[in-house]
Structure formats: C-alpha cells, structure tokens
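Here the structure is laid out as structure tokens; the discussion comes afterwards.
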Amino acid sequence: MSQSRNLGRVAVLMGGWSAERAVSLNSGAAICEALVGLGVDAAGIDLHRDEAANLGRLLHEKHIDRVFIALHGRGGEDGQIQALLDLLDVPYTGSGMAASAVGMDKVLCKRIWQSAGLATPAFEVVEDLAAARQAANALGWPVIIKPIADGSSVGVSKVDGPEEVELAFEQALVHGDVMIEQFIAGGEYTVALLGGRSLPAIRIEASAAHAFYDYQAKYEAEDTGYRIPCGLDEDEQAHLATAARRAFDLIGASGWGRVDFMRDQAGRHWLIEVNTVPGMTSHSLVPMAARAAGIDFPALCRTILEQTLEAGAAGVGTGGKRADGAH
C-alpha cells in the first residue's frame, strides 16, 4: 500500500479572511485537484472566520485525519490555525504555531536574523505619518513602506520621495502596523525549501510597468520573468541555498516554505522575508522551483502532505520541528 493511501481523509483549508483570500482559494483548488488525481481522499474547505471556532466539530463531521493548510496571510499563516489544530491534535502541513507567528511578523523575523548576523535591510516601525516621514528621510530614498504582518505584497509601496509617503503610509496602515524598510537596488531571488532540501533558486524579473515585484506582478501580469537557472554561478547559488536554510531554521520553520532575497550591485544577499505557506497557484514560485528539480505539481503536493505522516508518528500536530525544538 502506498503512502498516499495511508493518508486517510485530508482537508485542504483555503480561503480564510485575510487580504490574500483570493490567492488562497486558487492555491487550495489546485492542491485539491492534484491530490484527488493521485487517489488521495481530499476535500477542500473554504474556511471563514466565523467557522474557525467550530473547526474541531467541522473536521470531526467530515472524518478528517490530517490537514493541508493552503490559507495565506492572517488567520492561516500566522499561527492561529496552527494553534487550533495543535489543540485538536490533528496533523497539518508546514510550520508550527510559533514559527508561523514569527514568520508572519516581519519585524520580529528580521530582528532574529539580525541577532544571528544575517544581512537584512535596515528598517523602522512607524506609528503615524510624521514618524513615517522622519524614518524615510533617515533611511534614505527610495524606501519600501509595508504592513508588518501581511503577505503577497499587499499594501506594499516603493517610495521614491517625500511627496509619496502619505499615500503609501495610508495604504499600508489599512492592513495593520506599518514598517519602513531600506530599498535594496538589484536582483530579486527566491529559494524554496522542501523538507531538508533547497530547490533551485529563481531570479524574478518584474517588467518596467512595476516598480518592484508587487501583487499585480505576482498574480496578474503575464510579462513577469522567472529565470531558472537563476544566472548565478554554482558557488553563489550554494551560498544562497545555505542562507535560505539558516534563515528558515532560525525562526523554527519546518516542512516547506520559501525565503526571498535581494542581491545588491556588489553581490551581497539581503534577506527580505520568509513565507511559511507560499502560494500554490499557476503563477507561484514553489511549483516552478519544484519543476526545475524534476518534481511535478502533484508530486510536490504529495511530498508536502506526507510530511504529516512523520509528525503523526511522533505525536505532534505539525509537519516537522517546532520552534520549541519538539519533534
């Protein structure tokens, strides 16, 4: 009997209530289709906020044995759903509650990296427009203004001068607390992680119509370029893979994910953020990297899901090591 047949009944949690709901629905649908195509007894659940408190009953009624988390952003990627599933003792994909919470909090994540000596752009947390103007002047133009706890570049703006600060700050503030970050000019790279393996790095090339790799460039534009191989020599690719793994491990992340970098004109790599539940749509980066490594989309989904078998055997609710070191 194959491992896929031993997975029992699988719920793919998608949708949610964050600004990334639409992306999550696309990810979840693709994952469901792939798993069902492999013969896995999988069903999608579009989880709304008012249903989360009754998640235990919902999973029990559907006889769910394990969960594939395809929820992006707040509520699904920040430790909330992970905490609920831990309490219910239901195995799930990806990082545990603590690592998920840290990964979603860009400020806390960056402070952990800084304490370990990893390079990440300078930043300041700002509470009002006056503080935003002051921080932007101190960091030097251009800057990035963004929410502390959201993904998919929602509410993120590249700001080239003082006259642009107010609008960018207001757009970020809609999504919660705001930070201002030094802009690193250069190439953008990402490294996907699958278990203990680093997948091939991807260079992302947004078109001239986008100031950076924003939401539209990620999910809507057809002219965004993705270079695999990424164009770096073998030594630099190995360095990037090592840096991604260290950044991922430092926050206690596990199972699968993605780490994003900027490479400046001097060739130095700067950590931007970690994604503990990356997108799994037709435009998403982890499936691209997996394909470059010879792993098709159904096999990728199965591999991620099968990580929960090890977690279940160890008596924990996550797909790997937790931030507290439990296995």
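Overview of values
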read-out: Sole residue being crowded, with 17+ Cβ neighbours inside 10 Å and among the charged types (D, E, K, R), chosen from E166, E188; value: E188
read-out: Residues (in a helix (DSSP H, G or I) and closer than 17 Å to N275 by Cα) located in segment 6-21; value: R21
read-out: Flag for G16 being buried (at least 21 other Cβ atoms within 10 Å of the Cβ) and either touching a residue at least 12 places away in the same chain (Cβ under 8 Å) or among the polar types (S, T, N, Q) (or both); value: yes
read-out: Single condition A138 does not satisfy, out of (1) aliphatic (A, V, I, L, M); (2) assigned to a helix (DSSP H, G or I); (3) within 24 Å of R74 (Cβ to Cβ); value: (3)
read-out: Qualifying residue in segment 27-39 (condition: in the same structural domain as Q307 (by TED's automatic domain parsing), among the acidic types (D, E) and either at pLDDT 95 or above or part of a strand (DSSP E or B) (or both)); value: yes
read-out: Residue that is modelled with the highest pLDDT [pool: residues in segment 136-148 that are more than 18 Å from W270 (Cα to Cα) and surrounded by 21 or more Cβ atoms within 10 Å (Cβ to Cβ)]; value: A136
read-out: Residue ranges of helices (runs of 4 or more DSSP H) in segment 54-124 with at least 1 members buried (at least 24 other Cβ atoms within 10 Å of the Cβ); value: 80-88, 97-104, 106-115
read-out: Some residue of segment 281-300 being over 14 Å from A253 (Cα atoms), modelled with pLDDT of 95 or more and hydroxyl-bearing (S, T, Y); value: no
read-out: Criterion: under 24 Å from F297 (Cβ atoms) and surrounded by fewer than 18 Cβ atoms within 10 Å (Cβ to Cβ) - qualifying residue of D41, D50; value: D41
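The values are calculated or read from the model by the stated rules, or taken from the named source; none is laboratory data. Predicted model, so just to flag it, every value in this text is computed and none were measured. Cβ coordinates were reconstructed from backbone atoms using ideal geometry, including for glycine residues, and neighbour counts include every protein chain displayed.
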